[in-house]
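S.K.: Here it is, the structure in full.
The values are calculated or read from the model by the stated rules, or taken from the named source; none is laboratory data. From a predicted model like this one, the values you see are computed outputs, not experimental measurements. Cβ coordinates were reconstructed from backbone atoms using ideal geometry, including for glycine residues, and neighbour counts include every protein chain displayed.
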Amino acid sequence: MKIIKYLLLSLLASPLFVSAQTGKQPNIVFILADDLGYGDVGAYGQQKIQTPNIDELAKEGTRFTDFYAGAPVCSPSRGVLLTGKHTGHATIRGNMTIKGGLPGGKEGKIIYRAGLLPQEQTIGDVLRKAGYTTGLVGKWHVDGFDTTATPLAHGFDYFYGWLVSYPQTYTSTYWPDQWYRNGKIVPIPENQGGKRQYYTSEIITDDAVKFMEQHKKDKKPFFVMVNHSNPHSPLDAPHNTIYEGKDWTSDQKTYAAMVTYLDNSVGKIRKYLIDNGLDKNTIVIFTSDNGPRSEPTKSLTAVADFFQSSGTLKGYKRDVYEGGIREPFIVWGRTLIKPGTTSATPGYFTDIMATLGGIAGAKPDFSTDGINLFPYILNPQARPKARFLYWEFFEGGYIQAVRYGKWKAIIKDGKLSLYNLDTDIHEDNNVADQHPDIVKLVKNYLKTCRTESPYWPLQ
């Protein structure tokens, strides 16, 4: 890990830096989908599911083609996003621990999880220290079973959503009858008594808009994370959707509706910002936490394949192939970001802490494994020097993945496979034997890229 040093010349040239210097730091809205595939939205090639609002963000902003989640499943990916540490250094390296952690129930079984530690700094801490009012609505999923590891303990002034450590907040999945708000469990009357009148994506969107409305006239800028559950299983959505007349299976219609409800949320937030004049000084970021197909079942695989949710990529959620970790990543700011641009700069969740710090003009006094992508958002044609991106994962056996420039390495059972992503985006042809120099470079990196975890020990 290193202390981030910002690219000063790029910052000085940017309108965001000028805003920060005049006391008008931009507001930041970070919208996070759950188990949304690289190919699930129109801007990334989707042909069947309608996502006009996400597509409009891409048309009016910068679309990254080579951006990655922090891990191929929820908890470690979100931990990487929040802390800026890749899974070789992060506390959370899986949804369930191999050793230790706190016990809790899931589907009638006792499992063990690890959550964020009290001393861990998050993007909420960095932005609050930089002068922001911080909020998070929806899914947290980094508390493990620790009831004290809430967003309120990790840099967020406000939180409304569900927590793993409070099972009563998620047992009703997409129609919750109670959620956690700022230290208290509060009822959701529309869904009590088995009623299904207030869908989760709408609850999250409405509360995020309320947060922005409450703080739009403050002297301080706001940062809000809008953490959706859509389109994670179970497949569930209101039935009054545009797909009812399609000659599709029920699962296909429901999945498409879940993505469209997510898109509706993006549209409502964008409209709110424009209608209230906040678009002139607000950055919106849209991405997802890992690849599609929440569980490796026959039915969910059929849905993902029908929609080509991974696009042209190999793999799904739980894979370190591209389809399990490469994600849509769109940055929008109507007067701050160049419209209709595309960046091929490789980036991943590890970079979010430094990037948001760059947007906010935060002091670079935090520790991260990532870099500041801010200059490459402002100038999408610029490219940083080649660097290593790293993942490790433990379900089904220990596996590592590394990206370095055009090269992608996957290491399992002591064997390294190497792929040239420029010519083999589907990762079909192992070219390790033809490129011993790259193999040596990757192996040297692997010697020092990680530390042992008490929860996911290798021995």
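S.K.: So which of 309, 288 ends up being at pLDDT 95 or above, closer than 30 Å to residue 358 by Cβ and small (Gly, Ala, Ser)?
M.R.: So the residue among 309, 288 that is at pLDDT 95 or above, closer than 30 Å to residue 358 by Cβ and small (Gly, Ala, Ser) is 288.
S.K.: Here is a follow-up. What are the pairs, 6+ residues apart or on separate chains, where a residue within region 227-239 that is within 17 Å of residue 304 (Cβ to Cβ) has its Cβ under 7 Å from a residue that is modelled with pLDDT under 95?
M.R.: Close Cβ pairs (under 7 Å, with a partner that is modelled with pLDDT under 95) amount to 234/173; 236/173.
S.K.: Looking only at residues in region 213-257 that are within 17 Å of the chain's Cα centre (by Cα) and not in a loop (DSSP other than H, G, I, E, B), which one is farthest from residue 332 (Cα to Cα)?
M.R.: 227
S.K.: Among the residues of region 35-63, how many are farther than 21 Å from residue 319 by Cα, in contact with a strand residue (DSSP E or B) (Cβ under 7 Å, 6 or more places away or on another chain) and not in a helix (DSSP H, G or I)?
M.R.: 3
S.K.: Another question, then. Within region 127-150, can one find any residue that is more than 28 Å from residue 215 (Cβ to Cβ) and in contact with a helix residue (DSSP H, G or I) (Cβ under 9 Å, 6 or more places away or on another chain)?
M.R.: Checking region 127-150: at least one residue is more than 28 Å from residue 215 (Cβ to Cβ) and in contact with a helix residue (DSSP H, G or I) (Cβ under 9 Å, 6 or more places away or on another chain).
S.K.: Determine which single condition residue 179 fails, assuming it passes every other condition in (1) of a type outside the set (A, V, I, L, M); (2) under 17 Å from the mean Cα position of the chain (by Cα); (3) assigned to a strand (DSSP E or B).
M.R.: Here residue 179 clears every test but (2).
S.K.: From 272, 199, 180, grab the single residue that is surrounded by 15 or more Cβ atoms within 10 Å (Cβ to Cβ) and touching a strand residue (DSSP E or B) at 6+ places or on another chain (Cβ under 7 Å).
M.R.: Testing whether each residue is surrounded by 15 or more Cβ atoms within 10 Å (Cβ to Cβ) and touching a strand residue (DSSP E or B) at 6+ places or on another chain (Cβ under 7 Å) leaves just 180.
S.K.: Taking residue 173, is it surrounded by fewer than 20 Cβ atoms within 10 Å (Cβ to Cβ) and within 21 Å of residue 90 (Cβ to Cβ)?
M.R.: Answer is no for this residue.
S.K.: Of all residues in region 349-386, how many are more than 21 Å from the chain's Cα centre (by Cα) and closer than 28 Å to residue 422 by Cβ?
M.R.: Result for region 349-386: 7.
S.K.: Within region 148-169, track down each residue that is of a type in the set (Gly, Ala, Ser), crowded, with 23+ Cβ neighbours inside 10 Å and touching a residue at least 40 places away in the same chain (Cβ under 8 Å).
M.R.: Answer for region 148-169, where residues must be of a type in the set (Gly, Ala, Ser), crowded, with 23+ Cβ neighbours inside 10 Å and touching a residue at least 40 places away in the same chain (Cβ under 8 Å): just 161.
S.K.: Could you count how many residues in region 285-309 are crowded, with 22+ Cβ neighbours inside 10 Å and in contact with a Gly (Cβ under 7 Å, 6 or more places away or on another chain)?
M.R.: 5
S.K.: Which residues, taken from region 327-385, are crowded, with 20+ Cβ neighbours inside 10 Å, out of contact with any strand residue (DSSP E or B) (no Cβ under 7 Å at 6 or more places or on another chain) and either of a type in the set (Asp, Glu) or without any contact (Cβ under 8 Å) to a residue 12 or more places away in the chain (or both)?
M.R.: 351, 369
S.K.: Can you give me the number of residues within region 82-134 that are of a type in the set (A, V, I, L, M, F, W, C), buried (at least 24 other Cβ atoms within 10 Å of the Cβ) and part of a loop (DSSP other than H, G, I, E, B)?
M.R.: 4
S.K.: Can you tell me how many residues within region 221-250 are closer than 21 Å to residue 75 by Cβ and either loosely packed, with under 12 Cβ neighbours inside 10 Å or among the polar types (S, T, N, Q) (or both)?
M.R.: 5
S.K.: So, one more: Within region 251-281, can you find the residues that are in contact with a Pro (Cβ under 6 Å, 6 or more places away or on another chain) and of a type in the set (S, T, N, Q)?
M.R.: 281
S.K.: Sticking with this one: With the structure loaded, tell me whether residue 170 is modelled with pLDDT of 95 or more and not hydrophobic (A, V, I, L, M, F, W, C) or whether it fails that test.
M.R.: No; evaluated as a whole, the condition is false for this residue.
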